[in-house]
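Structure first, then comments.
Each value in this text was obtained by applying a stated rule to the coordinates, not by laboratory testing. Predicted model, so just to flag it, every value in this text is computed and none were measured. Every residue, glycine among them, receives a Cβ derived from its backbone with ideal geometry; neighbour counts consider all protein chains shown.
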């Protein structure tokens, strides 16, 4: 039986304003962050040297929603133990249960009520844990549906990590997400965020599939006309910033993007990960 890990930090088991926005609510902050799996033997960049920087970055940014990629079980635990207690984490390992990398979602439980949560695998058998069809590794998508405690606005937040080796797998994964989104069937008026490490550029087929005008997703960076900037750094911060983002924040529904940032800063001389975190701010559109 499926059992998604839902944990809070107190108990661990296991600028461009658009004209049609609601001005009374603060911006919704969404963060996608590939934190690099914690058993990697990166000389000078092992998890024990980076973990405080990862937590510090999240704490400082104080986002409403965070999508973590490559997070192993013990990394999730450390983040929850050291992050502000208002956050709840939802996720499952890509090999099933608590095993393997998670595409975890953190959300601010002081602001949002969890309505439902689930996950599926990016394969021909998406409900079978650890399944893989198009690539050599299982890939997972985690999603949550929440309500804003104050406004009752509904959000569907999705987080994933695409294959790093297979064009076919990435293309099939994009198609799978759109298909499963139909079955999730969020109510009309739901704001949907899809974020993650997509391991491909905005000029790729998967991006085109997800942002097809008939499907309704929009790319925050492109909507705002923000400069394209690399989001993978490989722990090398001395290269030119010019490059292509492979970590995206996509959106649809009654929401307007306000800001987009690729956060290249070190924390006390430490790069938190081999990917830069990406932060986007949004305002809810006034609905008729």
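Computed from label points 7 Å out along Cα-Cβ, the spacing between residue 175 and residue 42 is 3.3 nm. Cβ-Cβ distance of residue 124 and residue 185, R₀ of 22 Å, FRET efficiency by 1/(1 + (r/R0)^6): the value works out to about 0.55.
Report summary: the helix-based calculation at 222 nm, which adds -39500 (n - 2.57) for every DSSP H run with n ≥ 4 and divides by the residues of the chain, gives -5500 deg cm²/dmol.
The packing ranking, built from the mean of other Cβ atoms within 10 Å per residue, places the peptides 85-96, 141-152 in the order 85-96, 141-152, highest first.
Between residue 213 and residue 164, the simple label model (points 7 Å from Cα in the Cβ direction) yields a spacing of 3.7 nm.
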